[in-house]
Amino acid sequence: MALPSPEQVITSQRQDWNRVAGGWEKWDRFFDEQMAFLNHRLVADARLHSGLRVLDLGSGTGYPALLAAQAVGANGSVVGIDLAEHMLTVAEKKAKQLGLHNVLFKVGDVTTLPFESASFDAVTSRFCLMFLPEIPKTALEIARILKPGRWVAVAVWSVPEKNPSISLSMAAVKQVIDLPPTDPTAPGIFRLAKPGDFADMLERAGLADITDQEFLGEWSYGSADEYYTSLMEIAAPVQNLMATLSEAQRLEVKHLIIKAASQFQRGARITFPIAVRMVAGRKPG
Ligand SMILES: C[S@@+](CC[C@H](N)C(=O)[O-])C[C@H]1O[C@@H](n2cnc3c(N)ncnc32)[C@H](O)[C@@H]1O
């Protein structure tokens, strides 16, 4: 089957993330609390400090852009760019609640960055770049808009075996219907999961001092049912797959997902290990 064109990928990404924006708002506090450590790691890897001008790619409902805005303070500024305007509406509300006046959210595709060359002191991005149809183009754009000597820091999901909270839903669907094998070069949640996947693109874009490390953590839910509900409300790719199933197949998948998630019961909670690939690099000069 022919791969969708870059334009088709961008259009469906925009639709998908706009559709789940309400779910992201509902689960916002849960994810902000449980994933804050990744934002702090990105702020550190991007070497943020007071007064810098930062670009955050694929800000969604606001992170790490909002932490970056706190790190650079009133003398600095942050621009967060994302395809999905409904996700950014949530980010804007959060900026207001936090009293942040130095962050601006802008609708756009990060494949082509609408900014002058050497106009940013740092670039950050969490869980966006693997969804792009033309990732090397964005790597080149990052290299172009960074000032010499400055850093980019990116978080993407590591391999499925180490991220059962994401991969077990796909495994459950595969038990119920035949899915065509995934093209490893197609945009998707694990597209940049392997060591070197994004680091090599940054290197080819001319960045130096590149680091590529796996960061292990965990997150937990009150119950397997709660996990299932959140998955269905925020995970656009899983929603898309579920929409292709009959009602009976959906119920079977739900049963399999809840059964698989229950194996991660620890004490009163369902606790999943997670593995995130943290990639950083510096523009020479
Ligand atoms: C999983 S969310 C991550 C949001 C946020 N950074 C976080 O970590 O919570 C992925 C985001 O990437 C955005 N995205 C996907 N493709 C994009 C593109 N080509 N340009 C800009 N944003 C894109 C989506 O709209 C979505 O908001």
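Read-outs throughout are calculated quantities, based only on the coordinates presented, and are distinct from any laboratory measurement. Just so we're clear, the structure is a prediction, and the values are computed from it rather than from any experiment. Cβ placement follows ideal geometry from the backbone for every residue including glycine, while neighbour counts extend to all protein chains displayed.
The table that follows gives values for the structure above.
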| quantity | calculated |
| --- | --- |
| For Lys93, net neighbour charge (Lys/Arg +1, Asp/Glu -1) across residues whose Cβ lies under 12 Å away | -1 |
| Label zone at Leu179 (point 7 Å along Cα-to-Cβ), backbone N below 20 Å, segment 254-276 | 254-264, 272-276 |
| Most positive-pole-ward Cα, Gly108, Ala65, Phe131, against dipole of the chain from beta carbon charges | Ala65 |
| DSSP-defined beta bridges in the chain - what % are antiparallel, rounded to 5 | 50 percent |
| Lysine pair count for the chain [Cα-Cα under 26 Å; pairs on different chains or 8 or more apart] | 24 |
| Approximate spin-label separation Lys259-Leu3, in nm, with each point projected 7 Å along Cα-to-Cβ | 3.6 nm |
| Magnitude of the charge dipole, the chain, Cβ model with Lys/Arg +1 and Asp/Glu -1, debye to 20 | 480 debye |
| Sum of -39500 (n - 2.57) over DSSP H runs of 4+, divided by residues of the chain (222 nm, nearest 500) | -13500 deg cm²/dmol |
| Degrees separating the helix 85-97 axis from the principal Cα axis of the chain, which is the longest one | 70 degrees |
| Size of electric dipole in segment 201-242: Cβ of Lys, Arg +1 and of Asp, Glu -1, about Cα centre, debye, nearest 20 | 180 debye |
| Acute angle (nearest 10 degrees) that the helix 135-145 long axis makes with the longest principal axis of the chain, alpha-carbon atoms | 20 degrees |
| Relative contact order (%) - criterion: Cα under 8 Å, at least six apart; region: segment 128-233 | 36 percent |
| Cα gyration tensor shape for segment 31-75, rounded if a/c is under 1.5, else prolate or oblate | prolate |
| Part-to-part distance (alpha-carbon centres) for segment 98-141 and segment 1-61, which is given in Å | 10 Å |
| Label-to-label distance, nm, for residues given as Phe31 and Glu226 (7 Å Cα→Cβ offset) | 1.7 nm |
| Label point distance in nm, Ala186-Gln249, each placed 7 Å from Cα along Cα→Cβ | 1.5 nm |
| Mean separation of Cα contacts under 8 Å (6+ apart) over length of the chain, as relative contact order % | 21 percent |
| On Cα atoms only, tilt of 224-234 relative to the major axis of the chain in degrees | 50 degrees |
| Total charge dipole magnitude, segment 1-68, about the Cα centre, Cβ charges on Lys, Arg, Asp, Glu only, Debye to nearest 20 | 100 debye |
| Dimensions (Å) - segment 226-267, Cα atoms, principal axes, largest first | 35, 21, 12 |
| Directionally averaged shadow of the chain, computed from the convex hull of its alpha-carbon atoms, nm² | 14.4 nm² |
